[in-house]
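The values are calculated or read from the model by the stated rules, or taken from the named source; none is laboratory data. Bear in mind the structure is a predicted one, so any value in this text is a computation, not a measurement. Cβ placement follows ideal geometry from the backbone for every residue including glycine, while neighbour counts extend to all protein chains displayed. Remember, those area values only see protein heavy atoms, side chains included, never the ligands or the DNA or RNA. Shrake-Rupley method; radii C 1.70, N 1.55, O 1.52, S 1.80 Å.
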Amino acid sequence: MEIDGFRGQLITADHTDYDSARAVWNGAVDRRPRLIARCSGTADVAAAVRFARDHNLEIAVRGGGHNVAGTAVCDEGIVIDLSAMRAVWVDPAGPTARVQGGALWGDVDHETQAHGLATTGGIVGHTGVAGLTLGGGIGWLMRKHGLTVDNLLGADVVTADGSIVQASADEHPDLFWALRGGGGNFGVVTSFRFALHPVGPTVLAGPLLWDASDIGQVLRFYRDFVRDAPDELGTVVRLGTAPPLAVVPEDLHWRPVVMVGTCYAGPIEDGEEVLRPLRASGSPLLDLVAPTPYVSHQSAIDSTVLHGWHYYWKSTHLPELRDDLIDVIAEHAFSCSSPRSYAVMFHLGGAVNRVPEGDTAFGNRHASHAITLDGVWRPGEDFADQDTAWARGFFAALDRFREGVYVNFLGADEDTHRVREAYGDAVYDRLMNVKTKYDPDNAFHHNQNIRPG
Ligand SMILES: Cc1cc2nc3c(=O)[nH]c(=O)nc-3n(C[C@H](O)[C@H](O)[C@H](O)COP(=O)(O)OP(=O)(O)OC[C@H]3O[C@@H](n4cnc5c(N)ncnc54)[C@H](O)[C@@H]3O)c2cc1C
């Protein structure tokens, strides 16, 4: 198979790289595209889109390949694969960064931190920039510097007819608005331009661990503590077993724990002051909060969510942690079977909810927390049924507290109404109008799909 004007690599089922090229982060996803077009640049992406449209092929677009629903690959059709496009250029004077559409957050942090700069990115280094950004982008820095989309200044986009356009506040502003939360529905982004901020390079960061039996007490304290926390403080609660990382003493490995991860994006001394009450609360089993290179903190948990394991997620946004909500979380959090399964809860607020709803396409900015309930097991392990049921049961128990959802945390088996839930009616309807203008045939539908009107 050949594509006119294509200079990258074309991979079909007879190629030795086919199986590795079609594999995504979630090992439970097993799809067999007819062609994987590994692009070397924007011109290749445009050629691949035109080829797919001319031959009536299904299109999937791959950035970092990290989406739990596996939308980066399709059966039969073509995968427009940007994994060879990972360059990052920093302009310290801006300060801004230009990032290619196949880059991972580890690539961005590596280059930007060389200048003591950063923008809000995901908390796992091997997550793709493209999918994460297009869905919104939450991370340690969001309360201080906003979501990833709040830092997006512009994007180069190949649209459904193969044209190359620039989207920014001044050019194609409707498309630019939709790209900031609306996912991969509107075209293939070949590069992003982000605003950067001085961060670190050393920050006060790290996890605190308490025994699982202390969950009620820890979460009640945590609720009151984060209510007035400064924007500089990002926290993420992880409920599961302590991972067998080198920094965790061996006697704690696999012990069920409440872990509160922290990152203070400001002066270390201020962070010490702010975090003192949390560190003194109850009887932590372990306190690893310390001055840490931001770039190391960003990759600290990479090995706990490896490529090729099997993952099943349910997710929802939550309000502030009322006592009855804490009781539900405490009842379900530790009843999964696999030692690798966990629940993880991001504290939102700060700069995230100061941007008016509708200014970007990211919905539900008012929520306090985003939680994912993650069943995780290795290939061949027998936890699939039990931990899928655990995630579903936990999600059902949270039903009366739910306040929308983050589109990037939706799994493969969700009802289509959950995509609308991620945006709310007003934003969803506006996204539908932009979709109708830029992709009226819904060529880009292997995603959390917004259908054209
Ligand atoms: C372990 C783990 C940790 C995570 N942590 C965070 C976190 O801290 N914060 C957060 O916000 N999210 C997080 N996520 C969710 C993450 O945002 C999504 O999984 C996201 O889809 C990943 O982007 P990707 O490029 O790797 O995805 P892919 O699987 O490559 O793509 C997903 C979809 O995005 C679209 N897409 C991808 N690339 C492009 C492109 N270049 N142009 C247009 N559309 C494109 C396509 O529709 C594609 O189907 C995490 C996910 C995992 C698995």
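Residue by residue through the stretch 133-147, note down the ones that are under 18 Å from residue 371 (Cα atoms) and among the polar types (S, T, N, Q).
Hits for the stretch 133-147: nothing passes.
Filter the stretch 88-132 down to the residues that are assigned to a loop (DSSP other than H, G, I, E, B), away from the ligand (no atom under 14 Å from the Cβ) and of a type in the set (A, V, I, L, M), then identify the one that is surrounded by the fewest Cβ atoms within 10 Å (Cβ to Cβ).
Step by step, filter the stretch 88-132, then rank; the result is 93.
Identify, by number, the condition in (1) under 28 Å from residue 50 (Cα atoms); (2) within 12 Å of the ligand (Cβ to nearest atom); (3) buried (at least 24 other Cβ atoms within 10 Å of the Cβ) that residue 156 doesn't meet.
With (1) under 28 Å from residue 50 (Cα atoms); (2) within 12 Å of the ligand (Cβ to nearest atom); (3) buried (at least 24 other Cβ atoms within 10 Å of the Cβ) applied to residue 156, the lone miss is (3).
If we only count strands (runs of 3 or more DSSP E) wholly inside the stretch 283-352, which ones have 3 or more residues that are open to solvent by less than 40 Å² (accessible area, probe 1.4 Å) and in contact (Cβ under 8 Å) with a residue 60 or more places away in the chain?
Strands (runs of 3 or more DSSP E) meeting the threshold: 310-318, 342-347.
Pairs, please: C-beta under 6 Å, at least 6 apart or cross-chain, first residue within 20 Å of residue 40 (Cβ to Cβ) and open to solvent by 20 Å² or more (accessible area, probe 1.4 Å) and in the stretch 50-63, second within 16 Å of the ligand (Cβ to nearest atom) and assigned to a helix (DSSP H, G or I)?
The qualifying pairs are 61/184.
Scan the stretch 412-427 and report the pairs whose first residue is over 15 Å from residue 71 (Cα atoms) and whose second residue is of a type in the set (Val, Ile, Thr) and part of a helix (DSSP H, G or I), with Cβ atoms within less than 8 Å and a gap of 6+ or a chain change.
That search, which allows pairs on different chains as well, returns 422/407; 423/407.
Which condition number does residue 40 fail, the rest of (1) out of contact with any Phe, Trp or Tyr (no Cβ under 6 Å at 6 or more places or on another chain); (2) at negative phi; (3) open to solvent by less than 40 Å² (accessible area, probe 1.4 Å) being met?
(3)
Out of 299, 283, report the one residue that is farther than 30 Å from residue 128 by Cβ, among the small types (Gly, Ala, Ser) and at pLDDT 95 or above.
None of the other options fit; the residue is 283.
Which condition number in (1) open to solvent by less than 70 Å² (accessible area, probe 1.4 Å); (2) touching a residue at least 40 places away in the same chain (Cβ under 8 Å) is the one that residue 76 fails?
(1)
Working only within the stretch 405-436, note down all residues that are over 19 Å from residue 312 (Cα atoms) and either buried (at least 16 other Cβ atoms within 10 Å of the Cβ) or touching an Asp or Glu at 6+ places or on another chain (Cβ under 7 Å) (or both).
Passing the criteria: 420, 421, 423, 427, 428, 430, 431, 432, 434, 435.
Across the stretch 26-77, what is the number of residues that are among the basic types (Lys, Arg), within 12 Å of the ligand (Cβ to nearest atom) and either closer than 28 Å to residue 88 by Cβ or not in a loop (DSSP other than H, G, I, E, B) (or both)?
Going through the stretch 26-77 one residue at a time, the tally reaches 1.
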